[in-house]
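Heads up, the thing below is written out as structure tokens.
The values are calculated or read from the model by the stated rules, or taken from the named source; none is laboratory data. Remember, it's a predicted structure, so these values are computed and weren't measured experimentally. Every residue, glycine among them, receives a Cβ derived from its backbone with ideal geometry; neighbour counts consider all protein chains shown.
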Amino acid sequence: MTKIIARTGHRTKKLGGYNEEIFIRLVALSKASLLKMQATEVISGMALGFDQALAIAAIELQIPLIAAVPFKGQDELWSEQDKECYESILFQTKAIVYVDKTREYSTEHSGYNPQKMHKRNQYIVDHCDEVLALYDSSDGGTGNCIKYAESLGKPVLNVWKSWVKYRGF
């Protein structure tokens with residue numbers, strides 16, 4: 001039975017910063033969650049933070065990964081190290097979908113635009129069975145993504161309490 005898991009979650013500044021220790025913990029949390037959810041495929045939006053940790057977890061668990069990239073050049077403003085990690089993940093995916101180029105999710109905007117992130121989130125929810133969330137209940141894109149998933153009746157597993165408990169905030 002196929003079980004496609006998508007993710008929504010905060011970027012690094014809400015997770016305690018961006019360093020190797022935090023990223024390793026995010027990957028470990030993602031692995032445990034994917035195993036608990038019995039994932040057979042994963043969709044990642046490829047943003048820094050939880051998105052990429054989930055992608056690495058899927059790769060390490062040998063679960064097929066689809067990269068739902070909001071637009072080509074998503075990584076333009078990132079550090080060289082972050083760009084290398086991004087490229088490495090993309091190289092190991094089952095498929096790469098540039099969401100802004102798909103008929104149903106296309107936008108008229110070029111380059112970065114918040115609407116493209118919203119469309120990417122819609123895409124991942126529309127194409128999954130369940131959503132894995134790392135969400136602290138604050139306003140923003142993660143909350144909007146969860147509301148969208150719930151409006152479609154998609155189960156959402158929010159692992160924020162586990163993150164806080166084992167991260168030591």
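Among the residues of segment 30-47, those that are over 13 Å from the mean Cα position of the chain (by Cα) and of a type in the set (A, V, I, L, M) comprise A32, L35, M37, A39. What is the number of the single condition among (1) buried (at least 18 other Cβ atoms within 10 Å of the Cβ); (2) within 20 Å of K36 (Cα to Cα); (3) of a type in the set (A, V, I, L, M, F, W, C) that C145 does not meet? Of everything listed in (1) buried (at least 18 other Cβ atoms within 10 Å of the Cβ); (2) within 20 Å of K36 (Cα to Cα); (3) of a type in the set (A, V, I, L, M, F, W, C), C145 misses just condition (2). Take the residues in segment 82-91 that are of a type outside the set (F, W, Y) and modelled with pLDDT of 95 or more, then tell me which one is surrounded by the most Cβ atoms within 10 Å (Cβ to Cβ). The selected residue is I89. The condition of being buried (at least 20 other Cβ atoms within 10 Å of the Cβ) and over 28 Å from V164 (Cβ atoms) holds for only one of V125, V69, that being V69. The single residue among I4, I96, I24 that is without any contact (Cβ under 8 Å) to a residue 40 or more places away in the chain, under 15 Å from H127 (Cβ atoms) and not hydroxyl-bearing (S, T, Y) turns out to be I96.
Scoring A39 on the criteria (1) assigned to a helix (DSSP H, G or I); (2) crowded, with 19+ Cβ neighbours inside 10 Å; (3) of a type in the set (G, A, S) leaves a single failure, condition (1).
Quick check, is K3 of a type in the set (D, E, K, R), surrounded by fewer than 17 Cβ atoms within 10 Å (Cβ to Cβ) and either modelled with pLDDT of 95 or more or more than 25 Å from K165 (Cα to Cα) (or both)? Judged against the criteria, K3 is a match. Looking at segment 102-114 only, could you name the residues that are exposed (fewer than 15 other Cβ atoms within 10 Å of the Cβ) and farther than 8 Å from F71 by Cβ? Residues satisfying the conditions are T102, R103, E104, S106, E108, H109, S110, P114. Looking at Y105, is it in contact (Cβ under 8 Å) with a residue 40 or more places away in the chain and not acidic (D, E)? Spelling it out, it is not the case that Y105 is in contact (Cβ under 8 Å) with a residue 40 or more places away in the chain and not acidic (D, E).
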